[in-house]
Amino acid sequence: MASTGSRGRRERLRAEATAEIKSVALGLMASGGPDAITLRAIAREMGMTANAIYGYFATRDDLVTTLISDVYTALADAVEAAWGAAPATDPATQIQAWAGAFRNWALANPEGFRLVYGDPVPGYHAPEGGAAPDAARRVCTGLTALAAAAWPHAAHLYKGSEFAWSDFDPGLLDKVRPAFPELPPAAVALALRLWGHLHGLVSLEIYGHMRTQTVSPDKLFREELTQLVRALSIPPQG
């Protein structure tokens, strides 16, 4: 019994130390950029020796991979929850809910956003298949779900589209075609355009470029979504 209790305490302390290491790493990135993430710097911040940090993460790349996986998975969870809570018969609300959850997550986790979508960590080498392949697939298929929801209303706008499957990266198609076999290439292109709309405004906000331009970035984002839904010919509900 005592051995079990000691093991549980060790596991709890290890989990707490691991969480602190990751928190400190993101804090260093926030203050000094991606290249500030080093195991020595983290050890210094935590009052530990560098060798002690290696007991938790064998390399800096292992730590960065874990960070990316954590924040990307949190994003996937957030947007999927928002999508699931929106009425399945209301594509406008679904798109707005997914997009709003993406922005809210980014504003609450700016360092995580930068880690996944912004500045590369100098010298970092992701494992084969990527740092967070499952989360990347979930977010990618979520974006394609936005296009799929809009497609019955918007398809007539793309009758002259010249997109073919050969225009897309095979890795992208491996994610979206099994999930949405009925969608044509033009709908996948629409998903990327939707991504450009959402990611562009959020990136400007996260990197501080909106601060001197508007005091109402939330209003701007909501207006963009409203106009986007209208441009896709999605009828209002009710």
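The values are calculated or read from the model by the stated rules, or taken from the named source; none is laboratory data. What you are looking at is a predicted structure, and each value in this text was computed from that prediction instead of being measured. All Cβ positions, glycine included, derive from the backbone under ideal geometry; neighbour counts span all protein chains shown. Accessible surface areas use protein heavy atoms only, side chains included; no ligands, DNA or RNA. Shrake-Rupley method; radii C 1.70, N 1.55, O 1.52, S 1.80 Å.
Side notes on the structure shown:
- The accessible area of Thr49, taken with all protein chains in place and a 1.4 Å probe, comes to roughly 90 Å².
- Per-residue 3J(HN,Hα) values for region 156-173, derived from phi via the Karplus relation 6.51 cos²θ - 1.76 cosθ + 1.60 with θ = phi - 60°, read 5, 6, 10, 4, x, 4, 9, 5, 10, 4, 5, 7, 10, 5, x, x, 5, 5 Hz in sequence order (x marks Gly and Pro).
- Largest-first principal axis extents of the Cα set of region 68-185 (Å): 45, 34, 21
- Placing unit charges on the Cβ atoms of the charged side chains and taking the dipole of the chain about its Cα centre, the candidate lying farthest along the positive direction among Val79, Gln227, Ala15 is Ala15.
- In terms of overall dimensions, region 178-238 has a Cα radius of gyration and Dmax of 14.7, 44 angstrom.
- Coarse-grained scattering of region 25-115 at q = 0.16, 0.20, 0.26 Å⁻¹, given as base-10 log I(q)/I(0) from a Debye sum over alpha-carbon atoms: -0.70, -0.90, -1.21
- Dipole magnitude for region 4-135: about 560 debye, using +1 per Lys or Arg Cβ and -1 per Asp or Glu Cβ, origin at the Cα centre.
- All lysines inside 30 Å of Lys159 as judged from Cα atoms, apart from same-chain residues fewer than 8 positions distant: Lys175
- Taking label points 7 Å from Cα along the Cα-to-Cβ direction, Ala231 and Thr73 give a separation of 3.6 nm.
- The chain: most fluctuating residue of Ala52, Ala78, Ala186 per GNM, C-alpha cutoff 10 Å: Ala52
- Packing-based ranking, highest mean first, of 91-99, 137-145 given that Cβ atoms within 10 Å are counted: 91-99, 137-145
- Fully extended contour minus Cα-Cα distance, from Ala179 to Glu45, at 0.36 nm per residue: 43.8 nm
- Cα-derived Rg over Rh, computed across the chain with Rh taken as Kirkwood radius: 1.05
- Each stretch of four or more DSSP H residues adds -39500 (n - 2.57); spread over every residue of the chain, this sum gives -23000 deg cm²/dmol at 222 nm.
- Between helix 2-32 and the chain: long-axis angle, C-alpha atoms, 0 to 90°, nearest 10: 60 degrees
- Principal-axis analysis of the Cα atoms of the chain puts helix 133-154 at an angle of about 10° to the longest axis.
- Rotationally averaged projected area of region 69-126 (alpha carbon convex hull; nm²): 4.3 nm²
- Net charge dipole size for region 33-85 [Lys, Arg +1 and Asp, Glu -1 on Cβ; Debye, nearest 20]: 280 debye
- Taken about its Cα centre, region 2-77 carries a charge dipole of about 400 debye when Lys and Arg each add +1 at the Cβ and Asp and Glu each add -1 at the Cβ.
- Loop-resident trypsin sites (Lys or Arg not before Pro) (DSSP state other than H, G, I, E or B) in region 162-238 with no more than 16 further Cβ atoms inside 10 Å of their Cβ: Arg211.
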